[in-house]
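Input: a single structure, listed below in structure tokens.
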Amino acid sequence: MAFDVPPKRLRSLDEDTPAWLEPEDDDIVAEIKSTILSKIVLVAGKDVKHADIHDWYIAAALTLRDRIVYQWLQSDRATQNHGAKRAYYLSLEFLIGRLLTDALTNMSLMKPFRMAIEDLGLDFDELRNVEPDAALGNGGLGRLAACFMESMASLAIPARGYGIRYEHGLFRQIISNGWQEEFPEQWLLSGNPWEFERRDVVFDIQYSGRLDHAEEDDSEGRTLWIPDETIQAIAYDTPIVGWRGHHVNALRLWSARAVDPMRLDTFNSGDHLGAMSEMARAQAISKFLYPSDETPAGRELRLRQEYFFVSASLQDILNRHLHTDGDIRSLPSHAAIQLNDTHPSLAVPELIRLLMDRYHIGWNDALDITTKTISYTNHTLLPEALETWPVELFERMLPRHLDIIYRINAEHLAAAEKHFGADARSQASVSLIDETGGRRVRMGHLAFVGSHRINGVSAMHSELMRETVFADLNSLYPDRITNKTNGITFRRWLHQCNPELTSLLQDACGAAVLDEPERLRMLERLSDDPAFQQRFQTVKRTNKVALAQIIARQFGIVVDPSALFDVQIKRIHEYKRQLLNAIETIALYQAILDDPQGNWTPRVKIFAGKAAASYRQAKLIIKLINDIGNVINNDPRIRDLLKVVFIPNYNVSAAEVIVPASDLSEQISTAGMEASGTGNMKLALNGAITIGTFDGANIEIAEHVGEENIHIFGMRADEVVQRRSMGLDATDIITSSPKLARVIEAIERGAFSPDDASRFIPIAHALRFLDHYLVSADFDDYYRAQRAVDTKWASPEWTHSSILNVARMAWFSSDRTIREYAEDIWGIPVI
Ligand code: 26V
């Protein structure tokens, strides 16, 4: 079931936009209505009286799309005429969510569309809930790509996103008896009105085969790759509309198909299934999004996917460049290619291959053009998440690329020897090939060496890149690593998802706050104004009531909107420490039972997130949260002081409803492990106060909002390293923390799993003896910080701090981030 937007809460943004942006209401509404009606007849092929809500949604989307297309072609012509440099964002994930309200707000057409739809006797919110949530991503990395696409369009940067048009996005999560179950996601089932199939944009993608060496009189000799498998990539374009609709870019996603739909000879011989096996093998490439938050399993299909989209995108980029400029060598002044993590690292050898083998450019020039064009963003330093592929697999699937990688490595190691001297340790550490335990290609090193800039996603993360994983590469190529702290698009994460707050902000800071988020600063002087505080609280309350209604209606749990909504929404991972939050919940429950008449702050603990299907401990943590909820929510002694809710199937649409309704934002990763986080920004922008560790972008949020307006706790990154070096046994900590000891004993006793007392033994065991994520080590300080939150909640300080959070978050707009990429990495001017 889709996570429904509560009815009647979505106010039209452009109700408050300046008059010059207002369309001639009556005319436009009439025109929209008539186009929608004609689409029902001409596209759905139905009489209007037979149309269902889905037909109406498609008709409305197509009506809007018509208007977008004109802007889109206009943007393309302008870029073409100016010969402007373009940015190409290569990403295996784009977590774009629903597009209807995004496009409506950015086109300033929300009001007339809403009126037209309601005039037609339909419920606008019901209609928008029909749209499937496009979940072509796992989490932060994919959502960042979606925010960036929107910001690039808003800043009128000529850009294109490249990825895969997965038939099935991230799995649908169902919670059954407290356990996560996964079901395939089917976003394309009823058609996708936003995409344009480009039957004329098709490229051959080749795999396997062998190499041959041809002698040539003029040069170094040519390597010929004779592949033995060909698959076709076909383009589908989705327009991405920028704010105010001035500029539109495309997200180009590739779909895979076989060259021949089937082998007729095999079919005729009676082997009907066998005849289609080639087609199935080809189509498998764009069938599923890999749930890549899981250890990269080294699956062959994943590498096939990576090469498939990299090769199609680069062929497309080079075609376009040659067509407009005529000189392949001028590529770096017309194209900037950004690699979103290592997943598109094959762009380095593939670009060199195309330049050399297709356009006959020599090695040195090919390498030079490549590094000048490409740059790479790193999104995690966790060793288990760093992508490597067995050399043997490369040899089999991409022999020419391995050949090129070896050649890059030879030159690179020669440079390293000059720099470090003949030191075996540094040679091994910078090599593109990891020789420990089977030879493997290091995709992060490959991307690093093939790029002119490498960036981290928060100040701390970029610093850790320089000090840890990339320390030797950084010494060899100083000045390549740079920081670009992540951001979020305020259009989706404030204007659209929180129209009530946006309207209040416009009253307080002027309508121009929609275009200039720095104006949020004007709230500072209102943060102690009782009348403003009251309006601010009313908005939050409205959003909480809406969420409470959904929780009651869809999940059968009654929560009090005046309680503190304490929210942790993100992928379930041990390093993100949902377990720390869960055991604090138990400790609080026990404390309330000890003193039922105490002055407790009523709290609703809200969790949402998916665990990778094969991640057993994460799935057990989901079960623990649900089991704790079962006990606490049904314990009459607790009255309404504490409730625990696990909202299933967390996705972008769910976040759009939960974020505006949150009071407390849980950002409690083990210090040094969360590269940045972006949920932290969404929640703070919507007035939630953060309880968090000194990790990722939390540190910069603290700098911006001020230490009095955030609750920081726990070990710092260097203390984490030190503590771990002393071993992972937490017995000493548990002995000196009676609260923690009591929580663990309750878990071991089966207090939350009376039907199976041994269920959570693996969790208790980790807390006692394998405290790698420092859950036990940070527990006491976290409990203390939570009680400081309670105290603050009860005082006027809370609203004051909450307002200051909103006032000081402007810097976290992805417009700022993209401006920095454009200026410092891409060399693209931003007007
Ligand atoms: C992958 C894996 C695989 C092995 C097990 C542990 C693990 C943990 C995380 C990942 C995801 C890696 C890429 C990623 O999504 N990084 C996220 O990127 C966001 C956007 O920059 C950033 O805000 C998040 O902090 C970062 O985790």
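Please treat every number below as a calculation from the coordinates, not as lab data. These numbers were taken from a predicted model, which means no experiment stands behind them. All Cβ positions, even for glycine, are placed from backbone atoms using ideal geometry, and neighbour counts span all protein chains on display.
Laid out as a table, the results:
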item: For the chain: relative contact order, % (alpha-carbon pairs under 8 angstrom, 6 or more apart); result: 13
item: Whole-Å distance, taken between Cα centres, linking the range 76-129 and the range 760-822; result: 33
item: When the chain is reduced to its Cα atoms, the Kirkwood hydrodynamic radius in Å; result: 28.3
item: Charge dipole (the chain, unit charges on Cβ, about Cα centre) - positive-most of Gly629, Val539, Cys147; result: Gly629
item: Residues Trp798, Trp493, sorted so that the one with the fewest Cβ neighbours within 10 Å comes first; result: Trp798, Trp493
item: Euclidean distance between Cα centres, the range 35-66 to the range 685-739, Å; result: 53
item: Relative contact order of the range 687-772, pairs being alpha-carbon contacts under 8 Å that are 6 or more residues apart, as %; result: 25
item: Selected from Ser431, Phe124, Ile572, residue furthest toward positive end of dipole (the chain; charges at beta carbon); result: Phe124
item: Within the chain, percent of DSSP bridges classed antiparallel, to nearest 5; result: 45
item: Structure-based [θ]222 nm, the chain - -39500 (n - 2.57) summed over DSSP H runs of at least 4, per residue, nearest 500; result: -13500 deg cm²/dmol
item: Ranked by how many other beta carbons lie within 10 Å on average, peptides 572-578, 194-200 from highest; result: 572-578, 194-200
item: Efficiency of FRET from Cβ geometry, Ser330 and His360, R₀ 22 Å, rounded to 0.05; result: 0.85
item: Cβ-based exposure ranking for Phe769, Phe490, in which fewest neighbours within 10 Å come first; result: Phe769, Phe490
item: Only Lys, Arg (+1) and Asp, Glu (-1) charged, at Cβ; the range 622-779 dipole about Cα centre in debye; result: 480
item: Total charge dipole magnitude, the chain, about the Cα centre, Cβ charges on Lys, Arg, Asp, Glu only, Debye to nearest 20; result: 940
item: The range 433-513: GluC sites (Glu not before Pro) falling in loop per DSSP and having at most 16 other Cβ within 10 Å; result: Glu435
item: Peptides ranked, highest mean first, by Cβ atoms within 10 Å: ranges 762-768, 636-642; result: 762-768, 636-642
item: Counting all C-alpha pairs of the range 666-807, share separated by more than 18 Å (%); result: 61
item: For the range 442-525: relative contact order, % (alpha-carbon pairs under 8 angstrom, 6 or more apart); result: 22
item: Dipole-positive endmost among Asn319, Asn378, Met356 within the range 262-385 (Cβ charges, Cα centre); result: Asn319
item: Euclidean distance of C-alpha centroids, the range 634-670 and the range 536-567, integer Å; result: 9
